[in-house]
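The values are calculated or read from the model by the stated rules, or taken from the named source; none is laboratory data. Everything quoted here is computed from the prediction, not taken from an experiment. Because the Cβ atoms are built from the backbone with ideal geometry, glycine has one as well, and the counts that use them run over all protein chains shown.
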Amino acid sequence: MKTILLNIEKALGKITREQVYEQKVNAEAANAKLHKGTGEGNDFLGWLNLPSSIAEAELADIEATAAKLRAKCDVIVAIGIGGSYLGTKAVVEALNNSFEWLQTKRKNPVLVYAGHNIGEDYLYELSELLEGKQFGLINISKSGTTTEPALAFRILKKQLEDTIGKAEAKERIVAITDAKKGALRALADQEGYKTFIIPDNVGGRFSVLTPVGLLPIAIAGINIRELVEGAVFMEKTTADSVPFEKNIAAIYAAMRNELYKNGKKIEILANFHPKLHYIAEWWKQLYGESEGKNNKGIFPASVDLTTDLHSMGQWIQEGERTIFETVISVENADKTVLVPSDEANLDGLNFLAGKRVDEVNKMAELGTQLAHVDGGVPNIKITLPQVSPYYIGQLFYFFEKACGISGYMLGVNPFNQPGVEAYKKNMFALLNKPGYEKESAAIQSRL
Ligand code: PA5
C-alpha cells in the first residue's frame, strides 16, 4: 500500500527549508505534548489512538446495525451538525457515485442530511421527500443539546411514528451520543433506541472514526474497515517517536505556522476533484474551530478547481497576498473517459482527442500551481494515490494529527470551542428560552 505524500517545495521561497526545519524542536515538542497529555485540552485526546484501538466487537456491531437499516430503508436521514455530520458527508460524497440519488438500480440507501441548519424550507422539502418512502433516522449529537439536530429530530421522528407506528419507528431509529449524559441519551434510553457511544474524550470535529462517522458511512455501503486501516497507518507514521524529517503531520504543521508568522493569514484548501468538496468542509471545521481563538489562527478557506478558477481564481492570482494554498492532488482518477475526435472540430479540441479527461485536469492542476506560485501564493501539495476509503482514512488522521500539533505550536488549546456558544446564548435569549430571562431583557434593549 502507498501513503499520502506531502510536498512543500513550492511553498518555499520567502520561507526557506532551513526556517521550516528550525521548527523541528517546537513541532516535536507539540507532538510529544499530545502523546504525553501534558498540553491544554488534554481531556480531549481520545482521537489520538482511536484508529488502533477500535474494538472488533464495535466494528461488527456497526456493520450489523448498518445492514439492518439498509434492509429496511430506502432513505436514511443522518441528523447532526458540525463534527456530527461533516466527516460522513465528506466520505460519502468522495466515494459514492456523484449521481447516486438518480440511479434507478441503487445498491445503497440514499443518505440525506438534516439538523445542520434551521431552514424551514429545507425541512419542509425533506419531509415532503420522505413521504411514501421507507426511511430511518440516525440522530447524532455528542452533547445531545444542540438545537439544530434536536429540532430536526423532533419533526422527523413524529413523521416516522405517524407513518409506521411507534413500535416499528423504534426499529429504524439509532442514537449516537454520550454514554451517560445529555438530552439525547435520556431520550434514547426512554424510547429504547439502539445506541452507539461517542467517547467522552473525543470532541465532535475529531469524531469521524467513532460511530458518528462509521455507522452512516457503513450504511452508505462504504468499507469502514479500510477507512480505519488507513487511519491506523497514519497513526503509526505520525507518532511522537517518528522524527520531524519523516513526520508529514509535523512538517505540515511547521510549514503553515511559518507561513502564518510571515503574513499568510488564510489557507485555501483546493481540490481538482469535485467529489472532494466536503473533505474541505470537514477540514474547515477541524482547523477553524481548533485554531481560531485568542484573536489568532489561520482562516481556513476552500475552493473546488477548476470550477472556482472561473470565480475565485482572479482573487487568488492577484488579490491581497495574505494567502497560501494547500492542494489535495489525486494521482489516479478511478474511471476512464477519453476525449472523442470530432470531424468538424469547431471547438478546436481535436488536439486532445484520445486523451483521458484526467490528463487535461492534471495539466490544469500543474498550470494552476505554477501560476499561483508566480503570483506569490505558496503552494503545499498533498498527494492522494487514489480516492479510496484507505487513503481517506490516512488523510483524516493526517489532518487531525497536524491540527493538534499546529494548534499547540500556535499557542492555543486546539480542543475547545468557547466561541461557538456566543450565538446560542443570543438565540435562546431572543426566543425567550426559560432560564434566559436576564439575557432576554438585555438583548431586547439592544434591538
Ligand atoms: O467540534 C465540535 O465539538 C462542535 O462543533 C460540534 O461538532 C457541533 O457543535 C455538534 O455538536 P453535538 O454533536 O454535540 O451536537
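The figures follow:
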| quantity | calculated |
| --- | --- |
| Filtered residues of the stretch 38-84 (kept if surrounded by 13 or more Cβ atoms within 10 Å (Cβ to Cβ), of a type outside the set (S, T, N, Q) and in a loop (DSSP other than H, G, I, E, B)) | G39, E40, G41, L45, G46, W47, L48, I54, C73, D74, G80, I81 |
| Residue match in the stretch 169-179 (condition: more than 19 Å from E58 (Cβ to Cβ) and of a type in the set (A, V, I, L, M, F, W, C)) | yes |
| Pair list, Cβ < 6 Å and 6+ apart or interchain, from the stretch 57-81 residues that are more than 14 Å from A152 (Cβ to Cβ) to residues that are of a type in the set (F, W, Y) | C73/F135; V75/F135 |
| Filter result for T38 (hydroxyl-bearing (S, T, Y) and not assigned by TED's automatic domain parsing to the domain that holds G213) | yes |
| Test: G115 is touching a residue at least 24 places away in the same chain (Cβ under 8 Å), within 16 Å of the ligand (Cβ to nearest atom), at positive phi and in contact with a helix residue (DSSP H, G or I) (Cβ under 9 Å, 6 or more places away or on another chain) | yes |
| Unique match (being of a type in the set (S, T, N, Q) and more than 22 Å from K10 (Cα to Cα)) among N247, N271, N257, N294 | N294 |
| Qualifying residue in the stretch 135-145 (condition: out of contact with any strand residue (DSSP E or B) (no Cβ under 9 Å at 6 or more places or on another chain), in the same structural domain as L215 (by TED's automatic domain parsing) and part of a loop (DSSP other than H, G, I, E, B)) | yes |
| Condition broken by L431, with the remaining ones in (1) of a type outside the set (D, E, K, R); (2) touching a residue at least 12 places away in the same chain (Cβ under 8 Å); (3) farther than 28 Å from N294 by Cα satisfied | (2) |
| Residue under evaluation E18, criteria (1) surrounded by 14 or more Cβ atoms within 10 Å (Cβ to Cβ); (2) assigned by TED's automatic domain parsing to the domain that holds F233; (3) out of contact with any strand residue (DSSP E or B) (no Cβ under 8 Å at 6 or more places or on another chain), criterion not met | (1) |
| Within the stretch 416-447, considering residues that are part of a loop (DSSP other than H, G, I, E, B) and of a type in the set (S, T, N, Q), the one farthest from D200 (Cα to Cα) | S445 |
| K72 away from the ligand (no atom under 16 Å from the Cβ) and touching a Lys or Arg at 6+ places or on another chain (Cβ under 9 Å) | yes |
